[in-house]
Amino acid sequence: MTSDTTLTAASAGTWQLGDRAVHRIGFGTMRLPQTGPALVPDAVPRDRDQALRVLRRAVELGVNHIDTAAFYFSPLRSANELINRALAPYSDDLVIATKVGPARGTDGRWTEHARTPEALRAQVEENLRQLGRDHLDLVNLRILGTDSIAERFGALAELQQAGLIRRLGLSNIHPHQLAEAQTIAPVTCVQNPYGIGASPAQDELLRLCGEQGIAFVPFYAIAGAGREGGVGSAGGAEPGEVRTVAEARGVSTAQIRLAWTLHRGPHVLAIPGTGDVAHLEDNIAAGALRLTTEELALLDRAHAG
């Protein structure tokens with residue numbers, strides 16, 4: 001698909017994320033602070049002006065759901081600071097979702113996950129400071145493992161009651177953890193890895209979220225070596241079915257992957273990330289693709305493996 005800048009995020013439709021209607025194509029900022037691999041100690045910082053242009057262009061094209069985290073940073077750039085610089089003062093319809101749990105030291109190396117109420121509050125306050133806000137629109141508790149999340153989610157629920165957080169979500173979780181969290185506070189969204197070829201367990205979680213009116217927000221919807229690098233960056237061997245549909249449509253395989261993911265349900269929200277304006281525009285254009293029954297059947301076959 002030749003990038004058509006008349007296509008906006010609105011072409012993907014909307015979903016009610018708590019009390020805010022957001023377009024189903026959003027923007028993930030993980031790759032924004034650096035070029036090359038993200039979340040590594042020796043990441044190469046991205047040109048600052050380029051990163052700011054991408055964020056501003058995303059909003060110009062109707063993106064009103066931005067995913068970030070305080071642990072998204074390179075030696076000279078942080079995603080939150082870039083968002084603050086590019087977009088503040090924030091528009092009333094913009095939802096900025098962040099994550100807490102994982103932690104990195106100032107040297108960029110991973111440290112122990114925040115597990116206590118005090119550590120989680122410190123991460124929430126750091127996000128507030130970096131974004132220049134007095135509250136966070138949406139905070140996702142990111143999990144490693146299958147153990148109980150009651151204490152951690154309860155700590156975030158207390159911060160919600162205190163007015164520091166508007167909505168709560170979960171990331172990288174299992175169905176029993178979703179059920180546990182819902183006994184504590186309403187869950188607005190679930191962020192899990194998902195795309196063509198995802199496991200049956202992730203299919204089941206997507207289905208559960210749809211039945212319960214919870215947004216399902218896939219990360220790594222563009223598979224391959226590039227992962228969240230944006231359209232054109234997905235590497236590795238593509239299934240023949242994906243290539244067939246992409247070639248027939250005259251679009252990239254990454255756009256087909258995004259379109260297929262959005263077709264999995266009206267509650268599915270995509271947050272592809274990139275540090276390139278052209279890739280951003282192609283990602284957003286993918287939201288306008290309406291796949292036929294035959295195309296979906298072919299891609300479902302690739303998904304099933």
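Details
- The range 72-165 - convex hull of the alpha-carbon atoms, volume per residue in Å³: 99
- Cβ-based net charge around Gly101, under 10 Å, with every Lys or Arg adding one and every Asp or Glu removing one: +4
- Applying the Karplus relation 6.51 cos²θ - 1.76 cosθ + 1.60 with θ = phi - 60° to the range 142-147 yields 3J(HN,Hα) values of 8, 10, 10, x, 10, 7 Hz, where x marks Gly and Pro.
- Cα-based radius of gyration of the chain once divided by 2.2 N^0.38 Å, which approximates compact folds: 0.94
- Equivalent ellipsoid semi-axes - Cα gyration tensor, the range 152-225, angstrom: 25, 13, 10
- Spatially, the range 234-268 and the range 37-52 are offset by 27 Å when compared through their Cα centroids.
- Cα-based shape type of the range 15-147, given that a ≥ b ≥ c are square roots of the gyration tensor eigenvalues and the cut on a/c is 1.5: oblate
- FRET efficiency estimate (nearest 0.05) - Cβ-Cβ, Arg48 to Gln212, R0 45 angstrom: 0.65
- Isotropic mean projected area of the C-alpha convex hull, the range 1-93 (nm²): 6.8
- Amide H to amide H, with H built 1.01 Å from N, Val95 comes under 5 Å of His65, Ile66, counting only residues 5 or more places away or on other chains.
Every number here is computed from the coordinates shown, using simple stated rules; none is lab data. Predicted model only: the values in this text are computed from it and were never measured. Glycine gets a Cβ as well: all are built from the backbone with ideal geometry, and neighbour counts include every protein chain shown.
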